[in-house]
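A.B. asks: This structure is in structure tokens; I'll ask about it shortly.
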Amino acid sequence: MPRPFPIALIGQRFMGRAHSNAWSQVTKFFDLELQPVLHTIAARDAEGLAPFARRWGWLNSTTDWKRIAREDAIELVDVGTPNDVHREQALAMLEAGKHVACEKPLAGTLSDARAMAAAAKKAAKKGVRTFVWFNYRRCPAVALAYKLVREGRLGRIRHVRARYLQDWGGPKTPMSWRFQRKVAGSGAHGDLNAHIVDMARFLVGEEVSEIHGAIERTFVHERPIAGHKGKKGQSDVDDVVAFLASFSGGATASFEATRLAIGHQNDNGIELNGEQGSLRFGFEDMNVLELCEAGDDRTGGWKRIMCTSGGNHPYASAWWPDAHVIGYEHGFTNMAADVLRTLANVAPEVPLPDFADAYQTQRVLEAALLSARERHAIALSQIK
Ligand code: SOE
């Protein structure tokens, strides 16, 4: 019989919904030792809080997130808020001895991320764990790619080509926290390059050693303010950051994140080229992994793997029969399962990023911005 495991969530917008769904669904599909109890939801919007709690099954709600730290029954706190409050909220909960699962990026700034990683290291001495919601690692196709690379199916990795292209950031898109540097820290860079840098590090199994050059650009400098006809606000973050990098084992890498690529709605994609083969993944076809293995055989070429067969593909056995595909939400539920497995000392299907891991991604993001602003290469050894 699973043990009740009271949790709290801070944030009731997009990630509040995605995480509430994951916590409320996970034990319907995974057999786990811990049964999440949706104890408390905290958010600023008092008016929307009670309906949100009712809809998702949160037992309590509050507009004062700090109360959660004082609630002894709560064992894990899920931080689903904008980047500028990740540090304050995570540190408060770690100091209260609670496990913390924080949305990506770890923080909006390197200094905040560094403080979070340090607090996590201290809390770990008391058995407190941290996690970061890099949810795309838990697409079955990405998890399979991880296993294939670990098995050596591609051989040494030579090239990584990663992109995260969206097109919702045009001039008609109203101001939001995502366009304010003081809240988000950066624009498409911290929001989207965070995902593909994490994924590249996760799949290659190495750290980025150098940024050879980068470009940071803002095309849309002002945006309408919703509800205030004719008024505009300043967007002071990047709309695109692209950069070239090397991994410690010598692989070359390219990363591009933009919110202005018309026609690409959520095009999170990566391709790895190794000595023995290549693989490629594109989230807009998220159940498929493509593999091309070297060989002289005339019948070679790209193989299209539908990653939905339980037993063959990670996480697939929790869901539906072959080719009854899953979606964006299921990656979060797969991650909730791995968080609960980890907290019950059961190994997750693929590694879970903690604050220390996510801090390495944050260092790469910072190095890329420095390279763009100073117009020269940056060695990661320069970024502490
Ligand atoms: C940006 O629009 C965004 O919501 C990211 O913040 C998420 O991390 C990504 O999964 C979907 O797009």
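The values are calculated or read from the model by the stated rules, or taken from the named source; none is laboratory data. Since this is a predicted model, take the numbers as computed values, not measurements. Cβ coordinates were reconstructed from backbone atoms using ideal geometry, including for glycine residues, and neighbour counts include every protein chain displayed. Just so you know, the surface numbers come from the protein's heavy atoms only, side chains and all, with ligands and any DNA or RNA stripped out. Shrake-Rupley method; radii C 1.70, N 1.55, O 1.52, S 1.80 Å.
A.B. asks: Assuming Ala251 fulfils every condition listed in (1) away from the ligand (no atom under 16 Å from the Cβ); (2) surrounded by fewer than 21 Cβ atoms within 10 Å (Cβ to Cβ) apart from one, which condition is it?
C.D. replies: Unmet for Ala251, out of (1) away from the ligand (no atom under 16 Å from the Cβ); (2) surrounded by fewer than 21 Cβ atoms within 10 Å (Cβ to Cβ): (2).
A.B. asks: Search the stretch 149-169 for residues being assigned to a loop (DSSP other than H, G, I, E, B) and within 13 Å of the ligand (Cβ to nearest atom), and hand back the single one that is least open to solvent (accessible area, probe 1.4 Å). Quick ask: steps written out before the conclusion?
C.D. replies: Narrowing the stretch 149-169 to residues assigned to a loop (DSSP other than H, G, I, E, B): 151-156, 166-169.
Next, only the ones that are within 13 Å of the ligand (Cβ to nearest atom) stay: 166-169.
Values: Gln166: 20, Asp167: 49, Trp168: 86, Gly169: 0 Å².
Checking each candidate, the answer is Gly169.
A.B. asks: Within the stretch 80-115, can you find the residues that are in a loop (DSSP other than H, G, I, E, B), within 16 Å of the ligand (Cβ to nearest atom) and surrounded by fewer than 22 Cβ atoms within 10 Å (Cβ to Cβ)? Let's see the steps before the verdict.
C.D. replies: Of the stretch 80-115, the ones in a loop (DSSP other than H, G, I, E, B) are 80-82, 96-98, 104-109.
After this cut, where a residue has to be within 16 Å of the ligand (Cβ to nearest atom) as well, the list is 80-82, 104-108.
Hit for the stretch 80-115 is Pro82, nothing else.
A.B. asks: Tell me, yes or no, whether the stretch 69-78 has at least one residue that is open to solvent by less than 30 Å² (accessible area, probe 1.4 Å), under 25 Å from Val364 (Cα atoms) and among the charged types (D, E, K, R). First the steps, then the outcome.
C.D. replies: Applying the first criterion (open to solvent by less than 30 Å² (accessible area, probe 1.4 Å)) to the stretch 69-78 yields 69, 74, 76-78.
Those still in the list that are under 25 Å from Val364 (Cα atoms) too: 78.
Restricting the remaining residues to those that are among the charged types (D, E, K, R) gives 78.
Yes, the stretch 69-78 contains a residue that is open to solvent by less than 30 Å² (accessible area, probe 1.4 Å), under 25 Å from Val364 (Cα atoms) and among the charged types (D, E, K, R).
A.B. asks: Yes or no: the stretch 273-283 includes at least one residue that is charged (D, E, K, R) and either within 14 Å of the ligand (Cβ to nearest atom) or open to solvent by less than 50 Å² (accessible area, probe 1.4 Å) (or both).
C.D. replies: At the first step, the residues of the stretch 273-283 found to be charged (D, E, K, R) are 275, 280.
This time we only want the ones that are either within 14 Å of the ligand (Cβ to nearest atom) or open to solvent by less than 50 Å² (accessible area, probe 1.4 Å) (or both), so: none.
Looking for residues that are charged (D, E, K, R) and either within 14 Å of the ligand (Cβ to nearest atom) or open to solvent by less than 50 Å² (accessible area, probe 1.4 Å) (or both), one finds none in the stretch 273-283, hence no.
A.B. asks: Quick one: how many residues across the stretch 124-135 are outside any loop (DSSP other than H, G, I, E, B) and open to solvent by 10 Å² or more (accessible area, probe 1.4 Å)? Let's see the steps before the verdict.
C.D. replies: Within the stretch 124-135, the first condition is being outside any loop (DSSP other than H, G, I, E, B), and the residues that meet it are 124, 130-133, 135.
Those still in the list that are open to solvent by 10 Å² or more (accessible area, probe 1.4 Å) too: 124, 130.
Count: 2.
A.B. asks: Sticking with this one: Could you list, in sequence order, all residues of the stretch 122-140 that are within 16 Å of the ligand (Cβ to nearest atom) and either among the charged types (D, E, K, R) or within 19 Å of Ala162 (Cβ to Cβ) (or both)? Give the steps one after another, and end with the answer.
C.D. replies: Narrowing the stretch 122-140 to residues within 16 Å of the ligand (Cβ to nearest atom): 131-139.
Once the filter is applied, which keeps residues that are within 16 Å of the ligand (Cβ to nearest atom) and either among the charged types (D, E, K, R) or within 19 Å of Ala162 (Cβ to Cβ) (or both), the stretch 122-140 yields Val132, Trp133, Phe134, Asn135, Tyr136, Arg137, Arg138, Cys139.
A.B. asks: Kindly provide the set of residues from the stretch 38-79 that are small (Gly, Ala, Ser), under 25 Å from the mean Cα position of the chain (by Cα) and part of a strand (DSSP E or B), ordered by number. Reasoning before the result, please.
C.D. replies: Going through the stretch 38-79, the residues small (Gly, Ala, Ser) turn out to be 42-43, 46, 48, 50, 53, 57, 61, 69, 73.
Then drop every residue that is not under 25 Å from the mean Cα position of the chain (by Cα), which leaves 42-43, 53, 57, 69.
The answer is Ala42, and nothing else.
A.B. asks: Which condition does Gln180 not pass, out of (1) under 24 Å from Ala261 (Cα atoms); (2) touching a His at 6+ places or on another chain (Cβ under 8 Å); (3) not hydrophobic (A, V, I, L, M, F, W, C), if it passes all the others?
C.D. replies: Gln180 satisfies every listed condition except (2).
A.B. asks: Given the residues Ala245, Ala294, which is the only one that is of a type in the set (A, V, I, L, M, F, W, C), in contact with an Asp or Glu (Cβ under 9 Å, 6 or more places away or on another chain), open to solvent by 70 Å² or more (accessible area, probe 1.4 Å) and more than 16 Å from the ligand (Cβ to nearest atom)?
C.D. replies: Of Ala245, Ala294, the one residue that is of a type in the set (A, V, I, L, M, F, W, C), in contact with an Asp or Glu (Cβ under 9 Å, 6 or more places away or on another chain), open to solvent by 70 Å² or more (accessible area, probe 1.4 Å) and more than 16 Å from the ligand (Cβ to nearest atom) is Ala294.
A.B. asks: Any residue in the stretch 81-107 that's free of Cβ contacts under 8 Å to residues at least 40 places away in the same chain: show its pairings with residues that are of a type in the set (A, V, I, L, M) and within 13 Å of the ligand (Cβ to nearest atom) at Cβ separation under 7 Å, as long as the two are six or more apart or on different chains.
C.D. replies: So the pair list comes out as His86/Leu106.
A.B. asks: Could you say which residue among Pro353, Pro321, Pro314, Pro348 is assigned to a loop (DSSP other than H, G, I, E, B), in the same structural domain as Leu144 (by TED's automatic domain parsing) and within 16 Å of the ligand (Cβ to nearest atom)?
C.D. replies: Numbers: Pro321 fails: within 16 Å of the ligand (Cβ to nearest atom); Pro314 fails: within 16 Å of the ligand (Cβ to nearest atom); Pro348 fails: within 16 Å of the ligand (Cβ to nearest atom).
When all the criteria are applied, what remains is Pro353.
A.B. asks: Failed condition for Leu289, given (1) assigned to a loop (DSSP other than H, G, I, E, B); (2) in contact with a Leu (Cβ under 6 Å, 6 or more places away or on another chain), with all others met?
C.D. replies: Going through (1) assigned to a loop (DSSP other than H, G, I, E, B); (2) in contact with a Leu (Cβ under 6 Å, 6 or more places away or on another chain) one by one, Leu289 breaks only (1).
A.B. asks: Report yes if Arg298 is over 22 Å from Arg161 (Cα atoms) and assigned by TED's automatic domain parsing to the domain that holds Val240, otherwise no. Explain how you work it out, then say what you get.
C.D. replies: Working: over 22 Å from Arg161 (Cα atoms): yes; assigned by TED's automatic domain parsing to the domain that holds Val240: yes.
So Arg298 passes the test.
A.B. asks: Based on this model, can you work out whether Ala145 counts as within 16 Å of the ligand (Cβ to nearest atom), in the same structural domain as Thr308 (by TED's automatic domain parsing) and surrounded by 23 or more Cβ atoms within 10 Å (Cβ to Cβ)? Steps first, answer last, please.
C.D. replies: Values: within 16 Å of the ligand (Cβ to nearest atom): no; in the same structural domain as Thr308 (by TED's automatic domain parsing): yes; surrounded by 23 or more Cβ atoms within 10 Å (Cβ to Cβ): yes.
It is false that Ala145 is within 16 Å of the ligand (Cβ to nearest atom), in the same structural domain as Thr308 (by TED's automatic domain parsing) and surrounded by 23 or more Cβ atoms within 10 Å (Cβ to Cβ).
A.B. asks: Go through His86, His39, His99 for me and flag whichever is touching a Gly at 6+ places or on another chain (Cβ under 8 Å) and not assigned by TED's automatic domain parsing to the domain that holds Ala367. Can you show your working first?
C.D. replies: Working: His39 fails: touching a Gly at 6+ places or on another chain (Cβ under 8 Å); His99 fails: touching a Gly at 6+ places or on another chain (Cβ under 8 Å).
Matching residue, one of His86, His39, His99: His86.
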